[in-house]
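Computed from the coordinates by the stated procedures, all read-outs in this text should not be read as laboratory data. Owing to the predicted nature of the structure, the values given are computational and were not obtained by experimental measurement. For neighbour counting, all protein chains shown are included, and Cβ atoms are generated from backbone atoms with ideal geometry for every residue, glycine included.
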Amino acid sequence: MTPRAGITAVLATCALFALASAGCARHAGRTTIRFWGMGREGEVVQELIPDFEREHPDIHVVVQQLPWTAAHEKLITAYVGKSTPDVSQLGNTWIPEFSALEAIEPLRPWLAKSAGLDSSGFFPGIWDTNVIDGEPYGVPWYVDTRVVFYRKDVLERAGYSTLPQSWEGWREAMRAVKRVVGKERYAIFLPTNEWNPPVIMGLQAGSPLLKEDGTRAAFRDSAFRRGFDFYMSLSREGLAPSVSGNEISNVYQEFARGYLNMWITGPWNIGEMRNRLPDSLQDAWATAPMPGPTGPASGLSLAGGSSLVVYRASAHKAQAWAFVQFLARPDVQLKFWRLTGDLPGRVEAWRDTALTADPNMRTFGEQLTRVVATPKVPEWEEIAIRVQEQVERVVRRASTPDSAMSVLSADVDRMLEKRRWLRDRSRATGGGGSR
Amino acid sequence: MKSLTSEGRQQSAAWTFLAPALVLIGVFFFVPVLAGLVMSFTDFDIYSIGRPDTIRFMGMDNYRHVLADGEFWRALRNTLYFVVVGGPLSVATSLAAALLVNAKVARMKGFFRTVFFTPVVTTMVAVAIVFRYLLHPHYGLVNNALGFFHVAPIDWLGDPHWSMPAIVLLAVWKNFGYNMLIFIAGLQSIPEDLYEAAQLDGAGWRAQFVHVTLPSLGPTFLFVGIMTMIGQFQIFAEPYVMTQGGPLRSTVSVVMLMYEQGFRWWRMGYATAIAFILFAIMMTVTVIQMKLQGDRGQS
């Protein structure tokens, strides 16, 4: 047992006693709120609790850590079993689902009461992921997006000092890299088991992915097709190998040997690159914001990350909200960044020089001003997997682009049938919202 | 009269003793199965958990959609592959192992029985980790061994053509020990004099196997065949931990599809419909198998 786990166990035991007998003198007269955190964040957040409890002597926070793989099922089960926590972390793509379940609290009244905490303090694309039908349901905690990691030295050998920021220029650079590295090596890694790159390119080309209020697929429309064709051209020209992430046993090794020279991935890989690439290559890699079809301004990426939500069933919403306010404060977000490397969602935190001293952080800071949410429907995660499956079929020549996109659209339209029915019903009854 | 009342008393005593088990089976088996059946006629989904008024009665729609869904047929094809290839292979392996372990000349029978049975009681996740190393395309033991025979490296888990054979091999290796034990029990119940009589009549080991061993194992075969078939139809853990259904969905089984639809996407109505379709298929195959083997047994 690690010391931290030991402390957790002691705290948990204490909390159990507190609940059972209202004893545990230390907590007498304090309100206990339950916070569920996931993965590493759930572990590290414990280190912020003492500060919070000093500021709020009347509140005691009990943290329960959930592994990411079990978090979704655990939250749904908790909701069905009426045992949701008071406040939790929630992946921001899960917010549509939990708001449809009416499990989480609409935050407009709480935000109105809290000076200095509103949408203007956060990256707009990130804030937007928390807003369903005009109503905010979560406050961004940490954020996550994807940029291009590339081998600076290889690109220089190919005649480029920076990564071009338009699709055409980017593809030209990839062709130049391919000429330099040769037949058996590739310019870019587009794993066939990831939906993110083709979806990002579709978004960049202006596709909403879903249309008519998230009730119909838009994958057959020209905008998505433009992005998809660009994605496919990289694979068809031999600039990207047709392999899945599972077939590459160690991406960092392949990046080091120059088998792969660009990779669209997220902030967690900054640390991984530092740890896993040999020292001799530490100056040879860099990051750049996503290139877009018409230049930097169109270089959108995904608005990922986790938000903080308060549960409707909570008996201590005011205390839970106080905890959300605390975690959303710029200084606390910076401290959390130092502890975890998770990027702060609060724009003010990005004025800190420690954060902006790192050029890779600046890349992410810039990209975060150009992020968009994926469609805010509970079905999105399943749709994303269908997109990946159909794209993989085309990459592996098991299907043509035309037939893959019509199969995809038909599948997704069928998945969204319930949404169409709900929308029509709420229109017929004059009920508010199309949720 | 007296005997009747005592019979009645006996009967009520029997019911009293049975009651706890019956209540448990009723509450934890029949009620959920019935609820599942009802659910399979509705569109119970993620929206319905929060707002039960959005549950719609769908009639047979879920069943129709399942049968029209290419995903389901792909999963069924994969599952039948497990049943048709994996089932007989598993039974044959079990029988071969049982014959070896049970042979008169065999030494250390207990040791080998334990060794062959160990995979059955080993957790699937641990097995999967080891197998992923064994099957690794570059430095896996399996490809190294094949290299001796000048077989080019096979990407066992990454190539859609090889993923199924890889999973079948894993499943056979993991499970043959259980049937082996049953076969050993069956073999030991064959009276020794049958073999002696056969030997006196001049039967060699092959004739003894075909005319004594196999017929005597008839009931064991029926049991092992049906249980293996049912087990193969319900295959889930092996592909779930090895490939998560990939590559290109080539290892998705029906139960895995049901799990995804039910617990990942929370489409409970649809998932329960898949469950009942799978039940119908398994029931049909079991009845056919019992008829075939029963007829043969009687003739």
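For the stretch B:163-174, state whether one or more residues are within 14 Å of chain A (Cβ to nearest Cβ) and touching a Ser or Thr at 6+ places or on another chain (Cβ under 7 Å). For the stretch B:163-174, residues within 14 Å of chain A (Cβ to nearest Cβ) and touching a Ser or Thr at 6+ places or on another chain (Cβ under 7 Å): present. For the stretch B:198-242, a residue qualifies if it is within 30 Å of B:Val252 (Cβ to Cβ) and of a type in the set (Asp, Glu), and exactly one does: B:Glu238. Among residues of the stretch B:222-266 being hydrophobic (A, V, I, L, M, F, W, C), within 14 Å of another protein chain (Cβ to nearest Cβ) and outside any helix (DSSP H, G or I), the one that is surrounded by the most Cβ atoms within 10 Å (Cβ to Cβ) is B:Val252.
When A:Asp411 is tested against the conditions (1) within 11 Å of chain B (Cβ to nearest Cβ); (2) more than 21 Å from A:Leu190 (Cα to Cα); (3) within 18 Å of the chain's Cα centre (by Cα), the lone failure is (3).
As a summary of the residue check, B:Ala75 satisfies the conditions (1) over 25 Å from the mean Cα position of the chain (by Cα); (2) within 14 Å of chain A (Cβ to nearest Cβ) except for the one numbered (1). Scan the stretch B:108-134 for residues that are of a type in the set (Phe, Trp, Tyr), away from chain A (no Cβ under 14 Å) and either free of Cβ contacts under 8 Å to residues at least 12 places away in the same chain or surrounded by fewer than 13 Cβ atoms within 10 Å (Cβ to Cβ) (or both) and the total you get is 1.
Looking across B:Val85, B:Val91, B:Val115, one residue alone is more than 14 Å from B:Ala171 (Cα to Cα) and part of a helix (DSSP H, G or I). It is B:Val115. Examine the stretch A:290-297 for a residue that is small (Gly, Ala, Ser), surrounded by fewer than 19 Cβ atoms within 10 Å (Cβ to Cβ) and part of a loop (DSSP other than H, G, I, E, B), and state whether such a residue exists. Yes, the conditions are met somewhere in the stretch A:290-297. Only one of the numbered conditions (1) more than 10 Å from chain B (Cβ to nearest Cβ); (2) not small (Gly, Ala, Ser); (3) not in a helix (DSSP H, G or I) is not met by A:Pro378, and that is (1).
Rundown of residues vs (1) under 23 Å from the mean Cα position of the chain (by Cα); (2) within 14 Å of chain B (Cβ to nearest Cβ); (3) closer than 25 Å to A:Trp94 by Cα, yes/no style:
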| position | (1), (2), (3) |
| --- | --- |
| A:Ala256 | no, no, no |
| A:Tyr259 | no, yes, no |
| A:Asp279 | no, no, no |
| A:Asp283 | no, no, no |
| A:Trp321 | yes, no, yes |
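Restricting the search to the stretch B:135-160, which residues are within 14 Å of chain A (Cβ to nearest Cβ), assigned to a helix (DSSP H, G or I) and free of Cβ contacts under 8 Å to residues at least 24 places away in the same chain? Once the filter is applied, which keeps residues that are within 14 Å of chain A (Cβ to nearest Cβ), assigned to a helix (DSSP H, G or I) and free of Cβ contacts under 8 Å to residues at least 24 places away in the same chain, the stretch B:135-160 yields only B:Asn143.
Of all residues in the stretch B:43-63, those that are of a type outside the set (Lys, Arg), within 12 Å of chain A (Cβ to nearest Cβ) and not in a helix (DSSP H, G or I) total 5. Restricting attention to the stretch A:208-254, the residues being within 24 Å of the chain's Cα centre (by Cα) and farther than 30 Å from A:Glu184 by Cα number 13. If a residue must be small (Gly, Ala, Ser), out of contact with any strand residue (DSSP E or B) (no Cβ under 7 Å at 6 or more places or on another chain) and either within 20 Å of A:Ser301 (Cα to Cα) or in a helix (DSSP H, G or I) (or both), how many such residues does the stretch A:121-140 contain? Of the residues in the stretch A:121-140, 0 are small (Gly, Ala, Ser), out of contact with any strand residue (DSSP E or B) (no Cβ under 7 Å at 6 or more places or on another chain) and either within 20 Å of A:Ser301 (Cα to Cα) or in a helix (DSSP H, G or I) (or both). When restricted to residues that are farther than 16 Å from A:Leu117 by Cβ and small (Gly, Ala, Ser), the stretch A:335-358 contains 3.
The stretch A:35-120 holds helices (runs of 4 or more DSSP H) entirely within its bounds, and those carrying 2 or more residues that are under 30 Å from A:Leu422 (Cβ atoms) and within 14 Å of chain B (Cβ to nearest Cβ) map to A:68-80, A:95-100.
With respect to B:Leu141, determine if the residue is more than 18 Å from B:Glu238 (Cα to Cα) and surrounded by fewer than 18 Cβ atoms within 10 Å (Cβ to Cβ). Here the answer is yes, as B:Leu141 does meet what is asked.
Of the residues B:Ala185, B:Ala197, B:Ala207, B:Ala203, which single one is of a type in the set (A, V, I, L, M), surrounded by fewer than 20 Cβ atoms within 10 Å (Cβ to Cβ), in contact with a helix residue (DSSP H, G or I) (Cβ under 9 Å, 6 or more places away or on another chain) and not in a helix (DSSP H, G or I)?
So the residue among B:Ala185, B:Ala197, B:Ala207, B:Ala203 that is of a type in the set (A, V, I, L, M), surrounded by fewer than 20 Cβ atoms within 10 Å (Cβ to Cβ), in contact with a helix residue (DSSP H, G or I) (Cβ under 9 Å, 6 or more places away or on another chain) and not in a helix (DSSP H, G or I) is B:Ala203.
No other residue among A:Pro164, A:Pro109, A:Pro96 is within 23 Å of the chain's Cα centre (by Cα) and either in contact (Cβ under 8 Å) with a residue 60 or more places away in the chain or more than 23 Å from A:Phe336 (Cβ to Cβ) (or both) apart from A:Pro96.
A quick yes/no check of all residues on (1) outside any helix (DSSP H, G or I); (2) buried (at least 19 other Cβ atoms within 10 Å of the Cβ):
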residue: A:Phe364; (1), (2): no, yes
residue: A:Gln367; (1), (2): no, yes
residue: A:Glu389; (1), (2): no, yes
residue: A:Arg393; (1), (2): no, yes
residue: A:Ala398; (1), (2): yes, no
residue: A:Met405; (1), (2): no, yes
residue: A:Arg420; (1), (2): no, no
